[in-house]
Amino acid sequence: MTDKIQALNELRIDRSGQKVRRANRNKKALAIALVVALGAGYMGWQEWSADDQSSHTARSVSRVDTSSNQGGRAESNVVVSNTSLSTTSSSDNDVNKKPSITGSILEVSGHITAQRIATVSAKTIGLINEVYVEEGVKVEEGQALAKLDTRIAELDLQLAESRRALYKAEVEKREAEILDAKRKLKRQQDLMSENFSNQSDIDTLTINIKVLEANLETAKTNVLLNELEIEQLQKRLSDHTIRAPFSGVVTTKNAQPGEIISPSSAGGGYTRTGICTIVDMASLEIEVDVNESFLNMISEGQRVQAELYAYEDWHFEGRVKKIVPTVDRSKATVRVRIEILEKSERILPNMAVRVSFMEDQAQAIAGHALTGMK
């Protein structure tokens with residue numbers, strides 16, 4: 001019996017090693033989970049710190065710098081950050097990093113716009129023969145920009161001029177017929193006085209003269225209509241030469257010789273609707289969108305200092321020209337047009353510009369009075 005028990009014990013599987021290996025695997029899994037949790041917690045802390053810093057920066061909308069002048073009175077200079085304007089992009093955040101202009105009460109960003117700009121087209125559809133301008137060229141009012149094919153227009157004009165000679169010859173013929181009819185009437189009247197004619201012949205000649213006079217008026221009207229037709233065809237022929245409507249600079253060239261041009265796009269995708277675009281550089285001004293909350297800080301005629309982003313160390317003077325009397329509901333902003341007082345070749349259409357609205361005399365007096373009361 002003892003031998004059997006011993007034999008059974010020898011056949012039993014030893015599982016103590018498996019338990020040790022399972023315990024080791026559990027320890028490794030727990031260590032990996034702990035490392036992953038620590039890494040996720042560190043990344044979450046970094047994101048929270050960045051969000052807290054950005055929200056703190058966004059809340060810094062304005063700052064008030066109080067300094068004393070030579071007279072001993074305190075002067076308040078309010079500079080509004082561009083983060084308060086809906087039109088300011090993320091690339092304009094450097095505005096708050098630069099020191100404000102002395103006397104500025106509001107700073108916004110905008111663009112240079114042209115109030116006089118035109119894409120010059122033809123009044124009639126036609127084939128472009130020549131284009132006389134290139135981009136960047138200065139043109140004067142009435143200068144030829146391009147020329148269309150004029151063969152059909154010239155033939156129409158020649159045909160109308162040939163009809164003019166025909167109509168004038170018709171007038172001369174009717175005048176001669178009237179003279180002959182009047183001569184015959186006079187002869188019949190002389191014969192009537194001697195009783196060699198009757199009243200019926202005289203009446204017939206009188207009616208014939210009236211018919212001839214009506215035909216003469218018709219011939220003269222045809223001559224007049226022909227003159228108007230010739231004038232119209234001459235104007236149409238001159239329209240084949242496209243001219244500048246005003247003096248300016250060519251900013252874009254849209255067509256080339258050999259292409260078809262039309263006053264509208266009815267000709268399809270291969271038909272040009274304009275020869276070039278001309279901008280009157282004398283009409284450049286600044287347009288900015290001001291938050292409606294700051295309208296009490298600006299007024300028409302107010303002086304401004306402007307600075308182009310392309311030339312950050314160069315300032316030029318301006319003046320508020322017009323506050324457009326409407327509010328953009330989607331952005332809660334009002335469009336303000338600013339006249340440029342100092343013209344320069346550096347100023348180009350669509351350039352980004354930083355505008356500082358300067359404190360006028362009335363605002364300065366009110367600010368000094370408030371400071372004195374405090």
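A short reminder: the numbers here are calculations on the coordinates, not readings from a lab. As the structure is a computational prediction, the values presented were derived from the model and not from experiment. Here Cβ is always computed from backbone atoms with ideal geometry, including for glycine, and neighbour counts include all displayed protein chains.
Order 284-297, 205-218, 34-47 from most to least packed using the mean count of other Cβ atoms within 10 Å.
284-297, 205-218, 34-47
Please list, in order, the residues from segment 232-260 whose amide nitrogen is less than 17 Å from a point placed 7 Å along the Cα→Cβ vector of residue 116.
Residues passing the 17 Å test: 243-251.
Tell me, what HN-Hα J-couplings in whole Hz come from the Karplus equation 6.51 cos²θ - 1.76 cosθ + 1.60 at θ = phi - 60° for each residue of segment 247-259, using x for Gly and Pro?
6, x, 10, 6, 9, 9, 10, 9, 9, 10, x, x, 8
Taking every pair of distinct Cα atoms and averaging 1/r, then inverting, what Kirkwood hydrodynamic radius in Å comes out for segment 150-239?
15.5 Å
Checking the table 253/331; 123/322; 138/321; 253/321; 186/210; 322/343 against a 24 Å threshold on Cα-Cα, which pairs fail?
With Cα atoms farther than 24 Å apart: 253/331; 123/322; 138/321; 253/321.
Quick one: if the Förster radius is 56 Å, what FRET efficiency do residue 218 and residue 292 give, using the C-beta to C-beta distance and rounding to 0.05?
0.20
Given R₀ = 51 Å, what would the calculated FRET efficiency be for residue 195 paired with residue 228, taking r from the Cβ atoms and rounding to 0.05?
Efficiency at R0 = 51 Å is approximately 0.45.
Taking the simple approach of a point 7 Å from Cα along Cα-to-Cβ for both residue 33 and residue 283, what is their distance in nm?
7.4 nm
How about segment 159-210: which GluC sites (Glu not before Pro) there lie in a loop by DSSP and see at most 14 other Cβ atoms within 10 Å?
Those that pass, being in a loop and sparsely packed, are 194.
At what distance in nm do the modelled label points of residue 235 and residue 247 sit from each other, each positioned 7 Å from its Cα along Cα→Cβ?
2.8 nm
Expressed in nm to one decimal, what extension gain is obtained for the pair residue 132 and residue 165 from 0.36 nm per residue of sequence separation less their Cα-Cα distance?
Answer, rounded to one decimal: 8.1 nm.
Can you list the HN-Hα couplings for segment 209-218, worked out from phi with the Karplus curve (6.51, -1.76, 1.60; θ = phi - 60°), rounded to whole Hz and with x for Gly and Pro?
Once θ is set to phi - 60°, the couplings for segment 209-218 become 5, 5, 5, 5, 5, 5, 5, 5, 5, 5 Hz.
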